[in-house]
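Quick note: the coordinates plus some simple rules give every number you see, no bench work behind them. Keep in mind the model is a prediction, meaning the values are calculated, not measured. Here the Cβ positions follow ideal geometry from the backbone for every residue, glycine too, while neighbour counts run over all protein chains shown.
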Amino acid sequence: MDLKLKDIVDSIVGENIAYRIALEYDIVNYSSLAKKIKKRVDELSGRDVPLNTIVKLLTMYRRKGSNLMDPAVALHRVSISLDYDYSRKTIPLEELPKTNFVVAVKSGENVEILYKEEKESEFALIRLKMKENFSEMPGITVLVISILEMFGIEVKQIYRIGHEIMILLNRRDAPRALEKLAFYSSIQGNFSKNH
């Protein structure tokens, strides 16, 4: 086996925590992952590498003597909830005190707010909660986004506040996003849906 190719594949996997978790816990479709990284492997090696070669290299991937990074370990201790019918809008700063909202982000003289709608709306909100403070855990939001993007789920906005991460996404993507995050966090029956 070409040592350079092995180094290239190890490097690509090492840069993406979601790929690493999937491989280290053996919860990966090797062919699918090989297809996702093939273009990058080809670019870095300067040649057209056969897909089955990449698959073989992925099956050999193991980080000897390493533990997962704190964010990956932390993901196993979260509770997950899903709530529908959220919207966001920008309002003048002075209107903020008379507005019900979940999150507010100041931008100059205006504030963008995330709020719950009374009627059906296009966004859903996934909340990840844990006892530890997420603000003391660099990389956790990157991990969450990487997991969702790996499955083609677009994150509209992500908020990390204390013990909670809130992920705003399209309503239609919400059930699949919840399923993938629950799977990666190895939570059995510890998530809820609120319609």
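A simple spin-label model places the labels of GLU120 and GLU95 2.6 nm from each other, with each point 7 Å out along Cα-to-Cβ. Once the chain from SER32 to GLU164 is taken as fully extended at 0.36 nm per residue, the excess over their C-alpha distance is 44.4 nm.
If R0 is 30 Å, what FRET efficiency do you get for ARG47 and GLU149 from their C-beta distance, rounded to 0.05?
Details: r = 27 Å, r/R0 = 0.91.
For ARG47 and GLU149, the calculated efficiency is 0.65.
Legend: calculated FRET efficiency, LYS39 to ARG176, from the Cβ-Cβ distance at R0 = 30 Å, rounded to 0.05, equals 0.80. Here the calculated FRET efficiency for GLN157 and ASP10, from their Cβ-Cβ distance with R0 = 35 Å, stands at 0.60, rounded to the nearest 0.05. Using alpha carbons only, the radius of gyration of the range 3-66 set against its Kirkwood radius gives Rg/Rh = 0.93.
Sparsely packed loop sites in the range 148-177 (the GluC sites (Glu not before Pro) outside DSSP H, G, I, E and B with at most 16 other Cβ atoms within 10 Å) comprise GLU154.
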